[in-house]
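What follows is a single structure, written as structure tokens, with notes after it.
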Amino acid sequence: MLSSLRTLRLSTPPFSSNSSDTSYSADSNENLKSVTDEVRSLSQCIDIFENGPRPVSESLALLNDEEVIMLAQCGKIAAYSLEKVLGMNELERAVRIRRALISRASSTQTLEASDIPLSNYDYSKVLGACCENVVGYIPLPLGIAGPLYIDGTLYPIPMATAEGTLVASASRGCKALNAGGGVTTVLTQDGMTRGPAIDFPSIVDAADAKIWIDSQEGHATLKKAFESTSRFAKLKSLKTAMAGRTLYVRFATSTGDAMGMNMISKGTEKALEVMQERYPTMVVLALSGNYCTDKKPAAINWIEGRGKSVVAEAVIPGKVVTSVLKTTVSALVNLNTKKNLIGSAMAGSIGGFNAHAANILTAIFLATGQDPAQNVESSMCMTLMEAVNDGEDLLMTVSMPCIEVGTVGGGTVLGPQKSVLEMLGLKGAHPTSPGQNAQGLARLIAAAVMAGELSLLGALAAGHLIRAHMAHNRPQATVEPTPVPSSEKGPLAKAHLGRKKDDSEKSLHHSSSTSSLPPYSK
């Protein structure tokens, strides 16, 4: 179709620097663009692009989409720079044209007319901040679990997920936790890390640098340089380690309400510049030498912590364990020990002493604009359970040393994600106590993880997990099952077909016994 369109011509001659009339009014520009299904020749389009009005966005405004596509296909415009050349007022057009270019160059050629949404999105928030080569956006279902009492305040739990039963299960956990008074959290540490790798000519030189960094003088020098780059970056510690003649330095710093990777990278770079004045022969191999450690499983994160370190605690009355979770305190304690502790140890897990912390955390990450790849270390969690009050009630804790979140920067600038943070009262930077909003989000995540852990372990202990997923995690059938003649139905088939949902399946739909909570919690 495109080749046939290229043979069509407009009555308007191509723009030329030699033309006698070089004045273009807004009306004439619009007339040039509005001729339906007519595409000028490539030479005409190039002439307008190269010799038309400036800035170049004004020349491209004279061309329709197909003509801009031709310019891109012949290499006159780079697909990645469409937003730059078309201008800030044409961001959606840039996305639409790029989408067509990629679609037509692919083997399937389905992208251009696909169901991937394109319109009604604020691409100005994405540009230069969140994504490149944008061709649309991916909506995810957003559910609300809870609400859950966390440190005396009732919070809805936002979860963006495509896994059925997850929000329902977390809500059941919230209901059980609320019955015991909710969740108490403590923040034990707050410090993002960056760990560069630095080469020295010899191990003697590397060792001398290590001793200097560990000294009071060296620490003070690097701290001053580091903190000069931001009023929020406060260097809290330096940890060094040698591997041959390579020195690794783990900078840990508080970063206010930002997750902080850019902030700490900038500070680390400045500190290394100052350090090089003392050690001119040192070579910075990488600003991140994997001693941080970012987006990878690592024992150092589990032991030292990274981001926000949070411990959450709750007591669930035994009668609630029986009525809501359909199991017993002793069964939960035994299952948690054998599954989350011993089972994970048998697997050689690092920070994986939990049932599905990543499930809850990642859903909240997606809903609030966090970096989803950081779920690797952020999901490190140890779930502990013990019987208290003469074995009648359940004491539960979750310990999460590496929750890496922020409420400013990154995906938190996007409209929907910003609105979720606003709903939680955690949007942006805290006006009086820098870092308090990000810390509040970390506390909420730990408490929500506890709800998810409690519900899943309860379902496992009661043997309800598979039945719940079969009932709630499958699309509705589009084909009616083939009827089975009554003469062919054995006793087991009759019993199965006549079975009603038992209490365990209904438990994921939450009874209305907690009348004081909002409707979505019931």
List, please: which pairs have Cβ atoms under 7 Å, are six or more places apart or on different chains, and start with a residue in segment 197-224 that is small (Gly, Ala, Ser) and end with one that is assigned to a helix (DSSP H, G or I)?
GLY218/TRP212
Of those in segment 246-292 that are closer than 18 Å to PRO201 by Cβ and charged (D, E, K, R), the residue most open to solvent (accessible area, probe 1.4 Å) is GLU277
Tell me, which residue of segment 297-311 that is surrounded by fewer than 20 Cβ atoms within 10 Å (Cβ to Cβ) and farther than 17 Å from LYS239 by Cβ is modelled with the highest pLDDT?
VAL311
Is it the case that some residue within segment 52-60 is open to solvent by 30 Å² or more (accessible area, probe 1.4 Å), in contact (Cβ under 8 Å) with a residue 12 or more places away in the chain and of a type in the set (Ser, Thr, Tyr)?
yes
Cβ-Cβ distance below 9 Å, separation of 6 or more or different chains: which pairs start in segment 288-312 with a residue that is in contact (Cβ under 8 Å) with a residue 12 or more places away in the chain and end on one that is aromatic (Phe, Trp, Tyr)?
GLY289/TYR248; ASN290/TYR248; TYR291/TYR248; CYS292/PHE251; ALA298/TYR291; ILE300/TYR291
Subset of segment 105-129, residues open to solvent by less than 90 Å² (accessible area, probe 1.4 Å), closer than 19 Å to ALA72 by Cβ and either in a loop (DSSP other than H, G, I, E, B) or modelled with pLDDT under 95 (or both), comes to SER106, LEU118, TYR123, LEU127
Before we move on, is ILE102 among the β-branched types (Val, Ile, Thr) and either open to solvent by less than 30 Å² (accessible area, probe 1.4 Å) or over 20 Å from SER119 (Cα atoms) (or both)?
no
Looking at ALA314, ALA331, ALA358, ALA345, can you tell me which residue is open to solvent by less than 10 Å² (accessible area, probe 1.4 Å) and more than 30 Å from GLU269 (Cα to Cα)?
ALA314
Do any residues in segment 242-270 that are more than 24 Å from LYS210 (Cα to Cα) and among the charged types (D, E, K, R) have Cβ atoms under 8 Å from those of residues that are assigned to a helix (DSSP H, G or I) and open to solvent by 30 Å² or more (accessible area, probe 1.4 Å), where the two are at least six apart or on different chains, and which pairs are they?
ASP257/GLN436
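Looking only at segment 133-153, which residues are open to solvent by less than 60 Å² (accessible area, probe 1.4 Å) and among the aliphatic types (A, V, I, L, M)?
Taking segment 133-153 and keeping what is open to solvent by less than 60 Å² (accessible area, probe 1.4 Å), we get 134-137, 143-148, 150.
Correct list: VAL134, VAL135, ILE144, ALA145, LEU148, ILE150.
The values are calculated or read from the model by the stated rules, or taken from the named source; none is laboratory data. Bear in mind the structure is a predicted one, so any value in this text is a computation, not a measurement. Every residue, glycine as well, gets a Cβ built from its backbone with ideal geometry; the counts of neighbours run over all protein chains shown. Ligands, DNA and RNA are stripped out before the accessible areas are found, and what is left, the full protein with its side chains, is counted by its heavy atoms. Shrake-Rupley method; radii C 1.70, N 1.55, O 1.52, S 1.80 Å.
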